[in-house]
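To keep things clear, I will list the structure first and then write my remarks on it.
The values are calculated or read from the model by the stated rules, or taken from the named source; none is laboratory data. Please read all numbers here as calculations on a predicted model, not as lab measurements. Cβ: placed from backbone, ideal geometry, glycine included. Neighbour counts: every protein chain shown. Just the protein is used for accessible areas: all its heavy atoms, side chains included, with ligands, DNA and RNA removed. Shrake-Rupley method; radii C 1.70, N 1.55, O 1.52, S 1.80 Å.
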Amino acid sequence: MGGCCFSKPLENVQPPQQPQNQLGGSKNDEVKNDGFINWPFTEFFLSDLTTATKNFSSDEIISENAEESSNVVYKGRLSENLGFVAVKRFKNTPWPDHEDFGEEAQEVGELKHKRLVKLLGYCCDEEERLLVAEFMPNDTLAKRLFHQKNMEWSMRLRVAYHIAEALEYCSSAGFAKYDNLSASTVLFDKDDDACLSCFGLVREIIDYDRRTTGSVNTGNVTYRFGTILVNLLTGVEIPPSHAPEMINGKDITDLMDPNLMGKFSKEEATVILNVASDCLQCTDRKSLITEELVATLEALQTKTQVPSFDMPEITKQQEEASSSSQQQ
């Protein structure tokens, strides 16, 4: 080991007790998951993380397209007394100095919001650089939207609102940058609420990836959020650069995901489309995910019932053909 990891061995660690307020709840209601609510930001031993991930077994890989990425995320368990964690391991070392890496990670670790996955700590040992975060048990937006294809309209509205909340909080805290914001970095917690992965907030990662690959993300955080909104409307996975042409000049009924079977509000979908269009036109490096934008998306959450819009003719024809086939 390189001698730079100072955490205590985790074999007998007990989960930190949550202070209770007079109402019996957690003192910090902004933090989403209870298991690590008061966990102090920690510098881990590499041996602990190796054990937690079963020696970084390929069976524990939870990141999508890991073979194409500059880093891999593993599912791990610190001990029998603690919950699961997500461990991000870099294939290359962007930080020659472990102190720089620790400082970047600790800044992100100080962020606390119910829509942001909590960064629990990090490890640097010789050439190894790892980040440790809470484990989100209910898949990514990419998996649900592009592969399972069963996300209802009300859930899509919730996702848009929750991620806007997270981005507005991060921007107000001085974290306007985010590495590779996409449907794959939107995770679902134990309550099935959408949360933003904390890994992309470690700013040095962004600079490193751009420096080595020579590719810069299309637009900024605002643009990328607009791309996610297009994903939610269409149910289609597209390169960020294709998002504007995906929606330009399109009627909302033609644009909508056919898997919704017409069960969406045209009025609400138009609001999402307008927000997406504004985001995709953003050329300023400053994030436009403001309190006003969050309030616009929050207003869509107040309706208890989602009215069904008339199904497009092509969808009706598909249903009729399917019914006829089953009868035969």
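Which of the residues spanning the range 170-191 are assigned to a helix (DSSP H, G or I) and over 13 Å from LEU111 (Cβ atoms)?
ALA183, SER184, THR185
Evaluate the following for ALA133: is it among the small types (Gly, Ala, Ser), crowded, with 23+ Cβ neighbours inside 10 Å, in a helix (DSSP H, G or I) and in contact with a strand residue (DSSP E or B) (Cβ under 8 Å, 6 or more places away or on another chain)?
Judged against the criteria, ALA133 is not a match.
Of the conditions (1) at pLDDT 95 or above; (2) under 15 Å from GLY76 (Cα atoms); (3) charged (D, E, K, R), GLU134 clears all except one; give me its number.
(1)
Pick from SER184, SER197: which is in contact with a strand residue (DSSP E or B) (Cβ under 8 Å, 6 or more places away or on another chain), open to solvent by 40 Å² or more (accessible area, probe 1.4 Å) and at pLDDT 90 or above?
None of the other options fit; the residue is SER184.
Restricting to the range 96-111, name every residue that is in a loop (DSSP other than H, G, I, E, B), open to solvent by 80 Å² or more (accessible area, probe 1.4 Å) and modelled with pLDDT of 90 or more.
Selection gives GLU110 alone.
Any residue at all in the range 122-134 that is closer than 26 Å to THR50 by Cβ, under 13 Å from the mean Cα position of the chain (by Cα) and in contact (Cβ under 8 Å) with a residue 40 or more places away in the chain?
So far as the range 122-134 goes, yes, one or more of its residues are closer than 26 Å to THR50 by Cβ, under 13 Å from the mean Cα position of the chain (by Cα) and in contact (Cβ under 8 Å) with a residue 40 or more places away in the chain.
Can you tell me which residue is surrounded by the fewest Cβ atoms within 10 Å (Cβ to Cβ) among those in the range 237-276 that are farther than 18 Å from TRP153 by Cα, within 21 Å of the chain's Cα centre (by Cα) and in contact (Cβ under 8 Å) with a residue 24 or more places away in the chain?
PRO240
Under the condition of being modelled with pLDDT under 90, part of a loop (DSSP other than H, G, I, E, B) and open to solvent by 40 Å² or more (accessible area, probe 1.4 Å), which residue from the range 54-68 is nearest to TRP39 (Cα to Cα)?
Looking at the filtered set, the residue picked out is GLU64.
For the subset of the range 145-161 comprising residues that are of a type in the set (Lys, Arg) and either modelled with pLDDT of 95 or more or part of a strand (DSSP E or B) (or both), which member is least open to solvent (accessible area, probe 1.4 Å)?
Per the criteria, the residue is ARG156.
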